[in-house]
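Read the structure below first, then the notes.
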Amino acid sequence: MKRKNIVFWTLTTLSLIVPVLSLIFDLMWLIAASQIIIGFALAWLRYSDSKSKEERINNLGQRVDDTGMSIIDNVQYLYVIIDKDKHFLFGIEKDGSVDWSKGIPQPIKDELNKIKLEIEYLKSSSAK
């Protein structure tokens, strides 16, 4: 990450200084050369950033594979995630509601529902 910051600030500095110098000394070739160098550097930054993102996605995929989670088809749900022992972890029902009741203890779920109701009440009372 430090290398990307150094390259970024170097490019920023070059893009500001080179045009000023080329105008002062009337060196148009300097602008063209600097633009080519800046273009290659930006392409390199984009390439390295995409490689970094690809590595992070692969690592995340590996972590998900290590947990043994899988996505299954189900008549009741549009999307279901189960663990390696076939226990329900998460699902989105066909009506769009999220079913996570199996993973959250009932007291916490009750508290979250209270908060949800309070938010809905506040939204409806502020709309009036």
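The values are calculated or read from the model by the stated rules, or taken from the named source; none is laboratory data. Treat the numbers as computed from the prediction; the structure is a model and nothing was measured. Every residue, glycine among them, receives a Cβ derived from its backbone with ideal geometry; neighbour counts consider all protein chains shown. What goes into the accessible areas is simple: the full protein's heavy atoms, side chains included, and nothing from ligands, DNA or RNA. Shrake-Rupley method; radii C 1.70, N 1.55, O 1.52, S 1.80 Å.
Quick notes
- Test: residue in region 108-117 that is under 30 Å from Ile17 (Cα atoms) and open to solvent by 80 Å² or more (accessible area, probe 1.4 Å): no
- Residue satisfying all of: in region 28-79; in contact (Cβ under 8 Å) with a residue 12 or more places away in the chain and outside any helix (DSSP H, G or I); surrounded by the fewest Cβ atoms within 10 Å (Cβ to Cβ) among these: Gln76
- Of the residues making up region 28-61, those that are of a type in the set (Val, Ile, Thr) and either in contact with a Ser or Thr (Cβ under 7 Å, 6 or more places away or on another chain) or under 30 Å from Val18 (Cα atoms) (or both) are Ile31, Ile36, Ile37, Ile38.
- Tyr121 being surrounded by 10 or more Cβ atoms within 10 Å (Cβ to Cβ) and in contact with a Gly (Cβ under 7 Å, 6 or more places away or on another chain): no
- Summed over region 87-107, the residues that are open to solvent by 100 Å² or more (accessible area, probe 1.4 Å) and modelled with pLDDT of 80 or more give a count of 2.
- One residue stands out among those in region 11-45 that are of a type in the set (Ser, Thr, Tyr) and in contact with a helix residue (DSSP H, G or I) (Cβ under 8 Å, 6 or more places away or on another chain): the one that is farthest from Arg56 (Cα to Cα), which is Ser22.
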